[in-house]
Amino acid sequence: MNSYKYSWLNSIITVKCPRCREGKMFPKGTLYSRRFADMHKNCACCGQDFEPEPGYYYGAMFVSYAISTAIFLAVILGLSFLVKEVTTTMVLVSILVIVVGLLPITFRLSRVLWINIFVRYAGSNKVIG
């Protein structure tokens, strides 16, 4: 068995179910579309409910805030190395373009991190042979 395939980090990067680490949490081909926020209701492999209760992902907003703050700091740091004089307009435009461009990824990453805090790995349901 490939242990990396079932690692916690791999399940977050590949946006897989936290319980079986096989089923996809989001429909294929929707990352950069109007449906980037659509999620499967349950895992196709193990049946894990991806929204255990109403308002479950409100906490993911704080995760998203932390990710966005890291992006802001990286943009400001990057600009300070690349440009001799950093202006407020330059920072605002750069942050706006990067944050809006990464919005679907940040949204999904914050949800995957949030559910991984509360749902533990229970093993693969498939027989590997």
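The values are calculated or read from the model by the stated rules, or taken from the named source; none is laboratory data. Here the structure is a predicted model, which means the values were calculated and not measured. All Cβ positions, even for glycine, are placed from backbone atoms using ideal geometry, and neighbour counts span all protein chains on display. The accessibility values were calculated without ligands, DNA or RNA, using every heavy atom of the protein model including side chains. Shrake-Rupley method; radii C 1.70, N 1.55, O 1.52, S 1.80 Å.
The set of residues in the range 15-64 being open to solvent by 20 Å² or more (accessible area, probe 1.4 Å) and among the small types (Gly, Ala, Ser) consists of 29, 33, 37, 44, 47, 55, 64. When each of 18, 27 is tested for being more than 12 Å from residue 112 (Cα to Cα), in a loop (DSSP other than H, G, I, E, B) and of a type outside the set (Phe, Trp, Tyr), the lone residue that passes is 27.
As a summary of the residue check, residue 88 satisfies the conditions (1) without any contact (Cβ under 8 Å) to a residue 40 or more places away in the chain; (2) in contact with a helix residue (DSSP H, G or I) (Cβ under 6 Å, 6 or more places away or on another chain); (3) not aliphatic (A, V, I, L, M) except for the one numbered (2).
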